[in-house]
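Read-outs: derived from the displayed coordinates by stated rules, not from any lab. Keep in mind that what you see is a predicted model, and the values were worked out from it rather than measured. For neighbour counting, all protein chains shown are included, and Cβ atoms are generated from backbone atoms with ideal geometry for every residue, glycine included.
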Amino acid sequence: MSLLTKAGIERLSELEIDADKDWQAQGISNLKELAAAMIKGDLVVKGNSILDKLPAGPMGYVLTSTGVGQKPAWAPGPVPAFLYFPVWIGISAPTAATVTPDHTRAVDAPMISLHDETIVATKVPAIDLAVSADLFTPDYSEAESMAPGSCHHHEVRTVAVPGYDGVGANSISIADHIRGSRFMCMQDGEIDSIDVYIQVTDNGGGVDVPVKCAIYDVHGRFLKGVHPAVDIAAGPAAWHKFILTSNQAVTIGHEYWVLVWAEGIADMEAEAFYDSGPGCDIAIDQGLVLPETFNGFPNTLVGHTREQTKFSIHGNYV
């Protein structure tokens, strides 16, 4: 429908518009001004009260909202994500050169081995080395005069069950402390009891000291223990036997913790005997200690500390 409905009117400028008339929300805005000022690419947006021109933005920019009640604006478009990858850089400077030791130098040095070697291996896979199979790590520092030596973790014992049947040169309190060592089993079988070399000393308490033993797997999980505790009277150091609640099967090549624990009683002392490092016959983490008030053995040995100790404690086959 044409706006020019009055006879003789051919142009908008010839119209007389009654500004006070009720146009029922219809009207003519500043279309002429907008059209005259626009160029190709410009946009029209709603301003405060009338239509406004929005010039085209820079190349690559996008029209972005600036919020409700605000005119949109041009803003840089999204850019590709930058990806970063690790890079290995090879250094060819002389300071990074690989040096080949001079093995022709006659330098006396002790043998050092990072392995845990035994005639019956204590690690998996097994490393079975004879005494003559010494491994030497030369010390190339100057002025070395130490005599060569060999370092084998070679346990001399007669029991095939996990444990050590020698009498240790040292003793330490087991009152409210779980102590013991980790041993390799050299024969399949079932253990029904544990022997420990212990001494109880009476310093005025005048009572017997309850003592317990237990076997844990290499991961520190409880397997078997004694029930009830054995009450040991004061006296000279000696081997004491502890009966397990039920037989514990052990497997050749597996390691087990064999542990002892005594109740802490005033003026009474209970000590277990052990051999200690430094040295090659005892692994640096073969011993274990866990401070714990005397009660039932815990399910796991959480919170324990490793030591270079080998306690005089071992199991007995059925």
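What to note about this one:
- Additional length obtainable on full extension of the chain from residue 249 to residue 75, 0.36 nm per residue less Cα span: 55.0 nm
- Figure legend: label point modelled 7 angstrom from the Cα of residue 318 along Cα→Cβ; residues of region 237-280 with amide N under 14 Å from it are 244-251.
- Computed FRET value (nearest 0.05) for residue 284 with residue 165, which takes r as the C-beta separation and R₀ as 30 Å: 0.85
- Cβ-to-Cβ counts within 10 Å put 61, 274 in ascending order as 61, 274, the fewest first.
- Inter-part distance where region 156-210 and region 214-262 are each reduced to a Cα centre, Å: 8
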